[in-house]
Amino acid sequence: MRYRTELIKKPQSGDDRYFGDVNTKGIIDVVLYADPRSGEYTREFAKTLKAAKLFDTCKNIYEFVKSQIPYVLDKQGYQWIKSPGRLWAEKAGDCKSFSVFIASCLKNLGIPYGYRFASYDKADPTPTHVYIYVPVGNKELILDAVWSGPFNTQKQYEHKQDYPMAKTSYLGTAGKHIPGVLRIDTPIEDLTDGELDLL
């Protein structure tokens, strides 16, 4: 597959932010801080990964990150959460930056997702890894481009902290109806592919 990587927006100067020395909770906070800011980088690129079925779309996103961006641990003593633009420009990152990139594509395609922070130590619930999951009814699709297993699998964790990302809107008008906004009462997993395309 030829990827249209020229559509990934380049990193912006002046977009860096230093958070100081933080613990694991602080790292989680920075990943969640990066999430709403990440969408602009893959707005056009994400469309090129869309397939007819949700499963295949998620697999396309996963395979792009897995095959095109080398996994490189952050330098000892540092934690870098990169924008999708910077991750692609540097072509190196770890699970935090991989997750933000994957989430940005899902966000741009209107696919619900969440961050899963996992610990693999029975005695210590402190997360050491993060990846993306997509809820589908009472199941989920797993997008962990670091894990050595195949798509839609995950290393068995001992503890997890899930952060589902809600679709957030600022509503400044009064009343129940917002002109130009379509209200959907059907859960997304119950919509057909045709209905999703219409949305």
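The values are calculated or read from the model by the stated rules, or taken from the named source; none is laboratory data. Note that the structure is predicted; figures quoted are calculated from it, not measured. Positions of Cβ are generated from backbone atoms using ideal geometry, with glycine treated the same way; all protein chains shown enter the neighbour counts. Side chains included, ligands, DNA and RNA excluded: accessible areas come from the protein's heavy atoms. Shrake-Rupley method; radii C 1.70, N 1.55, O 1.52, S 1.80 Å.
Here are the numbers for the structure shown:
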{"read-out": "Hull shadow area, averaged, region 14-130 [alpha-carbon convex hull, nm²]", "value": "8.0"}
{"read-out": "Solvent-accessible area, 1.4 Å probe, carbon plus sulfur percent, for region 1-95", "value": "50"}
{"read-out": "Per residue accessible area of region 1-146, 1.4 Å probe, in Å²", "value": "51"}
{"read-out": "Ratio Rg/Rh, restricted to region 86-170 and using Cα atoms, in which Rh is the Kirkwood radius", "value": "0.98"}
{"read-out": "Residue pairs, from the table Lys50/Lys91; Lys25/Lys53; Lys50/Lys75; Lys53/Lys75; Lys50/Lys122, whose Cα atoms sit over 32 Å apart", "value": "Lys25/Lys53; Lys50/Lys75; Lys53/Lys75; Lys50/Lys122"}
{"read-out": "Residues Ser13 and Asn138, FRET efficiency given R0 of 45 Å [Cβ-Cβ distance, rounded to 0.05]", "value": "0.50"}
